[in-house]
Amino acid sequence: MTSMQQREQLHRQIWQIANDVRGSVDGWDFKQYVLGSLFYRFISENFIDYIEAGDESVDYASLSDDVITPEIKADAVKTKGYFIYPSQLFTNVVATAESNENLNTDLAKIFAEIENSASGYPSEEDIKGLFADFDTTSNRLGNTVADKNRRLAAVLKGVAQLDFGDFEENHIDLFGDAYEFLISNYAANAGKSGGEFFTPQHVSKLIAQLALHGQEKVNKIYDPACGSGSLLLQAKKQFDEHIIEEGFFGQEINHTTYNLARMNMFLHNVNYDKFDIKLGDTLLDPKHNSFKPFDAIVSNPPYSVKWIGSDDPTLINDERFAPAGVLPPKSKADFAFILHALSYLSARGRAAIVTFPGIFYRGGAEKKIRQYLVDNNYVETVISLAPNLFFGTSIAVNILVLSKHKNDTKTQFIDASGSDFFKKETNNNVLTDEHIEKIMQLFANKEDVAHTVSMVNTDSIAKNDYNLSVSAYVEPEDTREKIDITKLNAEIQETVAKIDTLRSEIDKIVTEIEG
């Protein structure tokens, strides 16, 4: 089955699950139940594979819980980070889901025990609260226990019927595709609580390739506003996991998407000891100070959100913001995330950050921060992308690439907003692999290309008031039809002469008629 066929089949099956529970569960809430069930199924199957270890004589799902010794459980938790008893496996719960009158409370107990199995082990913080958004007793599922159980059984059964063989052998990102499909269908109702937490896979792929360009290996990769973890996991796809030596690090302020990010790591077989996702406000309470610097940083931080800024006088002395000599404005925290990322970047590293276009030309504190970045030669490239690439917004975003190891004092500006750089689809524009490859080739070459790429000296940027807008340096191609004025004048004169002749002939006819 091709990736396109797998994706279409996945979408059909998810929509069928939605139809089965429609009318009770709001679309955005429904998303949590589908993703939670998908995660529950994955960790169950993954745990079975670990226990059975390819031994066909072992059928873990058929065993009694009583045969599990404390030693077996302890060894499993040390390796996998969690433990699931045979009776708690997804496959066994689904088998009796439709007839189980205690399904909702049984599920709640199972999820609690899976999380508690990590208590006292190094994986405790990575497992704790993973099922918090899978509320099996919520009235959103129905007013009666029977209604709750019926809808839970429908979701579990639907997820059980997703047939793609082994998760790891899929041509598609099963979890990411499911999430993307659900967001694209429900983002309109969800508003900012929806699409802003998710970077579409095609954009994630470009950002990951930019951050990892030219690197044979990196120490670790970091996303200071990691959302559901899609950017970090795209980096995993670009590199063999052993070449990202110390793993994946991220911080997220929203509890729901923090849980999704951790789920996503497990779903992509990133073991608990190879990722560190923290919950909290990155700007005011960064959790990874002791882990920096990072060779690769990827991020799609929230656009122009408010933050405390100058209301906290201690922030100007923060090592992240002090070098710029000014704090980003309280009404727009964009450059706070950028300065944070720069502070965490290693001397050989590169950061690729999705940005709102306004930060590149506004005055005030933002201009002073741009001056700091340009004068210190940290800005490698600014790329303008096509509009409507993200769910919930049609904004034509930019990508800012920061580097501490540039070998010249030029900044590259790439206009990738034209029709040659995206494919128009029903709801959103997309970047195909060919578009990504084309942008990466331009990025790597660092050469002027008419109407597309300009390499600009620092002095020129300074003279232009430290404007970093791509449109200030890349002149768009004039696609208007060129008019030959001399030829046009001749044609007009010829037309006027014909009109004069016609008028003269009409006058003659009128005179004859009147005479």
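The values are calculated or read from the model by the stated rules, or taken from the named source; none is laboratory data. The shown structure was predicted, so the numbers you read here are calculated from the model rather than taken from an experiment. Neighbour counts are summed over all protein chains in view; Cβ atoms, including those assigned to glycine, are modelled from backbone coordinates with ideal geometry. We work out accessible area using only protein heavy atoms, side chains counted, and drop any ligands, DNA or RNA first. Shrake-Rupley method; radii C 1.70, N 1.55, O 1.52, S 1.80 Å.
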- Note on the structure: Picking from R370, R348, the residue that is among the basic types (K, R), in a helix (DSSP H, G or I) and touching a residue at least 12 places away in the same chain (Cβ under 8 Å) would be R370
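Answer yes or no: is there a residue in the stretch 492-501 that is among the acidic types (D, E), open to solvent by less than 90 Å² (accessible area, probe 1.4 Å) and part of a helix (DSSP H, G or I). If you could, list the steps in order and put the result at the bottom.
Taking the stretch 492-501 as the starting set, the residues that turn out to be among the acidic types (D, E) are 494, 500.
Checking the rest, the ones that are also open to solvent by less than 90 Å² (accessible area, probe 1.4 Å) come to 500.
Of the ones still in play, those that are also part of a helix (DSSP H, G or I) are 500.
Yes, the stretch 492-501 has at least one match.
Out of F39, F83, report the one residue that is farther than 25 Å from E252 by Cβ, open to solvent by less than 10 Å² (accessible area, probe 1.4 Å) and either among the aliphatic types (A, V, I, L, M) or within 31 Å of the chain's Cα centre (by Cα) (or both).
Residue meeting the stated conditions: F83.
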- Message: Out of the residues in the stretch 262-277 meeting the condition of being over 15 Å from G36 (Cα atoms) and charged (D, E, K, R), tell me which one is surrounded by the fewest Cβ atoms within 10 Å (Cβ to Cβ).
- Response: D273
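Name the one entry in V449, V456, V496 that is aliphatic (A, V, I, L, M), without any contact (Cβ under 8 Å) to a residue 12 or more places away in the chain and under 30 Å from D408 (Cα atoms). It would help to see each step written out before you state the result.
On the way: V456 fails: without any contact (Cβ under 8 Å) to a residue 12 or more places away in the chain; V496 fails: under 30 Å from D408 (Cα atoms).
Among V449, V456, V496, only V449 is aliphatic (A, V, I, L, M), without any contact (Cβ under 8 Å) to a residue 12 or more places away in the chain and under 30 Å from D408 (Cα atoms).
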- Find all pairs meeting these conditions: Cβ atoms under 6 angstrom apart; at least six residues apart or on different chains; first residue within the stretch 141-163 and on the phi > 0 side of the Ramachandran plot; second residue surrounded by fewer than 18 Cβ atoms within 10 Å (Cβ to Cβ) and not in a helix (DSSP H, G or I). G142/S24
- Sole exception among (1) of a type in the set (V, I, T); (2) in contact with a Leu (Cβ under 7 Å, 6 or more places away or on another chain); (3) under 16 Å from Y222 (Cβ atoms) for I316, by number: (3)
- Query: Which of the residues belonging to the stretch 335-359 are more than 15 Å from Y378 (Cβ to Cβ) and open to solvent by less than 10 Å² (accessible area, probe 1.4 Å)?
  - Reply: A336, V354, G358
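Yes or no, residue by residue, for (1) at pLDDT 90 or above; (2) charged (D, E, K, R):
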position	(1), (2)
D166	no, yes
A178	no, no
G195	no, no
A208	yes, no
D223	yes, yes
- Task: Consider only pairs whose beta carbons are under 8 Å apart and that are at least six residues apart or on different chains; among these, list those whose first residue lies in the stretch 208-223 and is farther than 19 Å from R262 by Cβ and whose second residue is at pLDDT 95 or above and among the charged types (D, E, K, R).
- Result: L210/R350; A211/R350; L212/R350; H213/R350; Q215/D295; Q215/R350; V218/D295; N219/D295
- Taking R362 as the residue in question, decide whether it is more than 24 Å from the chain's Cα centre (by Cα), within 27 Å of A386 (Cα to Cα) and either at pLDDT below 95 or open to solvent by 10 Å² or more (accessible area, probe 1.4 Å) (or both). yes
- Among helices (runs of 4 or more DSSP H) lying entirely in the stretch 89-161, which contain 3 or more residues that are of a type in the set (A, V, I, L, M) and open to solvent by less than 10 Å² (accessible area, probe 1.4 Å)? 103-116, 145-160
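Just to be sure, is S184 open to solvent by less than 50 Å² (accessible area, probe 1.4 Å), modelled with pLDDT under 85 and under 26 Å from T432 (Cα atoms)? Before the answer, list the steps.
Details: open to solvent by less than 50 Å² (accessible area, probe 1.4 Å): yes; modelled with pLDDT under 85: yes; under 26 Å from T432 (Cα atoms): yes.
When the stated conditions are applied, S184 passes them.
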- Hey, can you tell me all the residues within the stretch 444-479 that are closer than 21 Å to F356 by Cα and open to solvent by 70 Å² or more (accessible area, probe 1.4 Å)? D465, S471, E475, P476
